[in-house]
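Please read the structure below before turning to the comments.
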Amino acid sequence: MANHNLPSSKTATPPNDFKHQDSQPWYKNYMVIIFVIGLPAFVVVACIWFVYYSMQIKDTVVRDDWYMDGKTLYQDVSRDKLAHDLDINGKMVFNADNSIDFYLDYPQQSLQDGILLNGAPLTYPKTLDLSISHATDINKDRETQLLHQQDNHYTATVQLDPLPSKYYVQVSNQGEQNWRLREVGQLPQAKISFHPLKTFDDIKE
């Protein structure tokens, strides 16, 4: 009789391999390209661009009367104060041919007495410094001298940018009476009037 108790034959199976077998090269894996190579490269390029851009739009040099005392920054307003004390006014006319007429107005008392309000002789300087500074673009700044013609009349020639913009206009005297007048205007425009700063009205000597 056949022996029915013989052990049945078993087919051998290989153990399970839980490791992922990736036959694709690493440099063709989009995860590697995007996160390992792409993002760091983008950051480096962006940093270089921002450094270059910041150098192109760097702040311009301060143009006003500021000085350092130790580590403290102060503004010198003595010239504005002198213009206030002398009660100096002015009117500037911008002509179509790029010429400028400026009229320096001393107070009536000084004109009658022939002396300024601080006791100095009344004279009209041969030249006055004119500074026209654009609010944001240093390339549109203009500096020249106003030449004395007769009486209180001065002239200069300045070619302004035709696009209307905000400008800081300053007329100053660098002589013994070192004063300045300042005003803000939308240039080009017909005229600008200069008046002493009201800030000093309540300041007593």
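Cβ-Cβ distances below 9 Å connect no pair with a first residue in segment 110-121 that is more than 15 Å from E176 (Cβ to Cβ), a second residue that is loosely packed, with under 10 Cβ neighbours inside 10 Å and aliphatic (A, V, I, L, M), and a separation of six or more residues or different chains. Taking segment 113-154 as the range and being exposed (fewer than 15 other Cβ atoms within 10 Å of the Cβ) and of a type in the set (K, R) as the test, only K126 passes. Of the residues in segment 110-127, none is at pLDDT 95 or above and in contact with a Lys or Arg (Cβ under 8 Å, 6 or more places away or on another chain).
D97 versus (1) in a strand (DSSP E or B); (2) farther than 21 Å from K81 by Cα; (3) acidic (D, E): which is the lone unmet condition? Single failed check for D97: (1).
Against the definition (at pLDDT 90 or above, hydrophobic (A, V, I, L, M, F, W, C), more than 16 Å from R182 (Cα to Cα) and not in a loop (DSSP other than H, G, I, E, B)), how does I48 come out, yes or no?
On the way: at pLDDT 90 or above: yes; hydrophobic (A, V, I, L, M, F, W, C): yes; more than 16 Å from R182 (Cα to Cα): yes; not in a loop (DSSP other than H, G, I, E, B): yes.
Answer is yes for this residue.
The criterion of being surrounded by fewer than 17 Cβ atoms within 10 Å (Cβ to Cβ), within 23 Å of D87 (Cβ to Cβ) and in contact (Cβ under 8 Å) with a residue 24 or more places away in the chain holds for Y103.
The criterion of being among the aromatic types (F, W, Y) and at pLDDT 85 or above holds for Y103. Among the candidates T199, T157, the residue that is of a type in the set (V, I, T), at pLDDT 90 or above and exposed (fewer than 12 other Cβ atoms within 10 Å of the Cβ) is uniquely T157. Tell me, please, whether a residue that is modelled with pLDDT of 95 or more, on the phi > 0 side of the Ramachandran plot and surrounded by 12 or more Cβ atoms within 10 Å (Cβ to Cβ) can be found in segment 76-86. Checked against the condition, which is being modelled with pLDDT of 95 or more, on the phi > 0 side of the Ramachandran plot and surrounded by 12 or more Cβ atoms within 10 Å (Cβ to Cβ), segment 76-86 yields no hits at all.
The values are calculated or read from the model by the stated rules, or taken from the named source; none is laboratory data. Given the structure is predicted, the values throughout are model-derived calculations rather than measurements. Neighbour counts run over all protein chains shown; Cβ positions are idealised from the backbone, glycine included.
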